[in-house]
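Input: a single structure, listed below in structure tokens.
The values are calculated or read from the model by the stated rules, or taken from the named source; none is laboratory data. What you are looking at is a predicted structure, and each value in this text was computed from that prediction instead of being measured. When we count neighbours, we look across all protein chains shown, and the Cβ atoms used for this are built from the backbone with ideal geometry, even at glycine. For the accessible areas, the whole protein counts, side chains as well, though only heavy atoms, and no ligand, DNA or RNA atoms are used. Shrake-Rupley method; radii C 1.70, N 1.55, O 1.52, S 1.80 Å.
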Amino acid sequence: MFKKVDQLQLPIHEWIFENVSDAIIFVDQDGYIVAGNQFAEELLEVKLNENDPLYVHDYIDLEVIAKQTNNEDLIWTKTNPEKLVVMKSEPVEQYWCYTLKEGGLKSKKDSLIYTLNHARSSPYEGIIMHDRGQIIDCDFAFASMIGYKRSELVGKSIFDIVHADDHNALYENMQMLQHDSPYPLRGFKRDGSIIYAEVLPEPFNEETSLRVAIVRNITERVENEKQIEFMAYYDQLTDLPNRNYFQLVLEEELKNAEESGEQLAVHFIDVDYFKHINDTLGYQVGDSLLKGCASRLKQMLREDLFIARMTSDEFLVLQRKVAGEQEVRSLAEQVIDQFRKPLMVDGYEIYTTVSIGISRYPESAATTASELIEHADSAMHVIKEESRNDYQIFKQSLKEGFKERLKLETELHKALKDGDFELHFQPQYDLKSQEIIGFEALCRWPHKEMGAISPDQFIPIAEKTGLILDIGDWVIYEACRLNKKWQGEGLPKVKVSVNLSARQFLQRHLVSRVSEILEETGLEPQYLELEITESMAMSNERYIIDTLNDFNELGVKVALDDFGTGYSSLKYLSQFPLSKIKIDRMFIQNQTKQNMAIVKTIIHLSHALNLKVIAEGVEKEDDLDFLLSEKCDQVQGFYFSKPMPESQIKTFLNE
């Protein structure tokens, strides 16, 4: 021995010092071993002698151990091979007394030893020792990982820091002596936040219930995996399941319905006029509107419904366990009713409606999830084109109509690319001067194989696909170019009127584009007139007023078309800088007492506001006589001339 205990005058009996089963060493303030028993020599594999004092740090790694009394720590010896020992330290007068007991951890895996060696310096790995779930000790890395001090964890139950849903898994794994791989657990940090961990247990002593476990913090990895999963199956804007998730759920429900004989339905919901709002007020308002729509749909959630965002302004609802068609109709009506109140979006009060297409299983004859969604989509497009703010249940006949529209859409792209459209012009007459004062430019599509395709067929499709912007731009340019050409040929200078679609009128930079066209074609602004409808005027009053004022400054006049068929708000007539009111043909061609009264009112009201009035659809002499008697300003219709191609204009004007 280096020195006897009694020579150091330490409070421990020499016999106990030599015969206790644990290794004991005394270390002075400089870190040198001043005394140690035979078990210390065996454990550290050294010979202690007085002539060669030993530096304790050469044999035991004490750098990461805080010198706290009555605390046990797991440490590694620096022997070869290394040994894992339980060490207890306490000050004895001017010395430190260390009691060392070999841990008996029988690890046969190099990876475990490597992890144990490096766990203390890693914020992601820690070590814990417990006895039947009661924490005996842990290292600083583990305590720091979950936000505690080591002293606060000793004596605490592991179950207190493990998620309640994982208690059974923890208990089952505690009964196992061998683990080939780590198992996952969820725990709670001191602040209440959840931590995800992998636990690799090892028996500390097979004859006792002591257990040692390496705990690895995998929270970051799990959260990344969850984010990836969220991006794959959820829509980030609305936090609703996305189309992929809906498809998976629908496929599973179809299998269940096939086995159980239950019915289900898919509701395909489209937000009406969303593109107009998005184009006018910008994408930020559009995104906020979609969030608001999603919120309203979420309010309807119940056990038999699954709601998802399809794409853009489209949503999907899966209705499970359907009793019959009336239940399907009832849900569609509830959805429509949910959107009756305006949405407050970024300071705007926006009224919006929804169009809903519905497909039922097994009634729609669809056998796959994709077919059910496709059928609901077809039904939705039918109701959107017919009326909006309503619903339509899929019928097989709709599918054929959808195929025809799809073919027409393909042909429409080709026609625009190949320049197959042409303009026809219908003259407008001034009843007082009995002269032609302008022409309305009308787009026509003479298809090489299908013949003349009506605007009622291709304009709605052009609106839906966005091609209306390119077609509308072409119509304005061509109308201005041809009018300038007629003037250059010495024909009378008259106006040419062009109808603007809602989507075209609400696009950004419309005024600057019209200005460019006038400059390119050389046509003076007063010879171009644009026509908008009442429904367009209602969509965004502030934007409409600004745009109309800009056209007024440019010198381009704007007429209000189809007046009397919509809300006919007098507010628009008083606030909007319009040049003309156009009476819809339905009031002229169906001269009931009510319609004649409406026409009289429109004419007198317009004159009171210093606005010109033009009536369209004049086909009979009686129509003309009535309008003359009411002092209507201008007329157009088949009574005077059908729309004619540009090649006939020169002859017509000369005659």
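Before moving on, here are some points about what is shown:
- Boolean, ILE461 is buried (at least 18 other Cβ atoms within 10 Å of the Cβ) and under 21 Å from VAL514 (Cα atoms): no
- Identity of the residue in the range 342-372, among the β-branched types (Val, Ile, Thr) and buried (at least 22 other Cβ atoms within 10 Å of the Cβ), that ends up farthest from HIS276 (Cα to Cα): ILE358
- Test: LEU250 is part of a strand (DSSP E or B), in contact with a helix residue (DSSP H, G or I) (Cβ under 8 Å, 6 or more places away or on another chain) and more than 24 Å from GLU386 (Cβ to Cβ): no
- Residue list for the range 157-201, restricted to those being over 15 Å from GLN134 (Cα atoms), open to solvent by less than 60 Å² (accessible area, probe 1.4 Å) and assigned to a strand (DSSP E or B): TYR183, LEU185, GLY187, ILE195, TYR196, ALA197, GLU198, VAL199, LEU200
- For the range 211-233, the count of residues that are of a type outside the set (Phe, Trp, Tyr), within 30 Å of LEU318 (Cα to Cα) and in contact with a helix residue (DSSP H, G or I) (Cβ under 9 Å, 6 or more places away or on another chain) is nonzero.
- Residue ID - farthest from the chain's Cα centre (by Cα), chosen from residues in the range 144-154 that are open to solvent by 30 Å² or more (accessible area, probe 1.4 Å) and under 13 Å from ILE128 (Cβ atoms): VAL154
- Taking the criterion of being open to solvent by 40 Å² or more (accessible area, probe 1.4 Å), of a type in the set (A, V, I, L, M, F, W, C) and more than 21 Å from SER647 (Cβ to Cβ), the only residue of the range 423-437 that qualifies is ILE437.
- Pair list, Cβ under 8 Å, 6 or more apart: the range 594-612 residue open to solvent by less than 60 Å² (accessible area, probe 1.4 Å), other residue of a type in the set (Lys, Arg): ILE603/LYS631; SER606/LYS612; LEU611/LYS580
- Put simply, of ARG444, ARG481 the only residue that is in a strand (DSSP E or B), touching a helix residue (DSSP H, G or I) at 6+ places or on another chain (Cβ under 9 Å) and not hydrophobic (A, V, I, L, M, F, W, C) is ARG444.
- Checked against the criterion of being among the acidic types (Asp, Glu) and closer than 21 Å to GLU531 by Cβ, the candidates GLU489, GLU435 yield just one match: GLU435.
- Beta carbons closer than 8 Å, at least 6 apart along the sequence or on distinct chains, pair a first residue in the range 323-336 that is exposed (fewer than 13 other Cβ atoms within 10 Å of the Cβ) with a second that is in a loop (DSSP other than H, G, I, E, B) for GLN334/MET300.
- Of the residues contained in the range 575-588, none is found to be surrounded by fewer than 18 Cβ atoms within 10 Å (Cβ to Cβ), more than 18 Å from LYS495 (Cα to Cα) and over 49 Å from the mean Cα position of the chain (by Cα).
- Pairs linking a residue in the range 428-448 that is in contact (Cβ under 8 Å) with a residue 24 or more places away in the chain and within 15 Å of LEU653 (Cβ to Cβ) to a residue that is open to solvent by 60 Å² or more (accessible area, probe 1.4 Å) and outside any loop (DSSP other than H, G, I, E, B), with Cβ atoms under 6 Å and 6 or more positions apart or on different chains, are GLY438/LYS495.
- The single condition from (1) at pLDDT below 70; (2) part of a helix (DSSP H, G or I); (3) open to solvent by less than 80 Å² (accessible area, probe 1.4 Å) that SER568 fails is (2).
- Residue pairs whose Cβ atoms lie under 8 Å apart, separated by 6 or more positions or on different chains, with the first residue in the range 499-516 and within 19 Å of ASP272 (Cα to Cα) and the second open to solvent by less than 60 Å² (accessible area, probe 1.4 Å) and in a loop (DSSP other than H, G, I, E, B), are ARG503/GLY466; LEU506/ASN540.
- Single match in ILE436, ILE468 (criterion: touching a helix residue (DSSP H, G or I) at 6+ places or on another chain (Cβ under 9 Å), of a type in the set (A, V, I, L, M, F, W, C) and in a helix (DSSP H, G or I)): ILE468
- Just one of (1) touching a helix residue (DSSP H, G or I) at 6+ places or on another chain (Cβ under 9 Å); (2) under 18 Å from GLN634 (Cα atoms); (3) of a type in the set (Asp, Glu); (4) at pLDDT 80 or above fails for ASP550. It is (2).
- No other residue among TRP486, TRP474, TRP445 is open to solvent by 70 Å² or more (accessible area, probe 1.4 Å), among the hydrophobic types (A, V, I, L, M, F, W, C) and at pLDDT 90 or above apart from TRP474.
- Test: ALA502 is surrounded by 15 or more Cβ atoms within 10 Å (Cβ to Cβ), small (Gly, Ala, Ser) and within 34 Å of the chain's Cα centre (by Cα): yes
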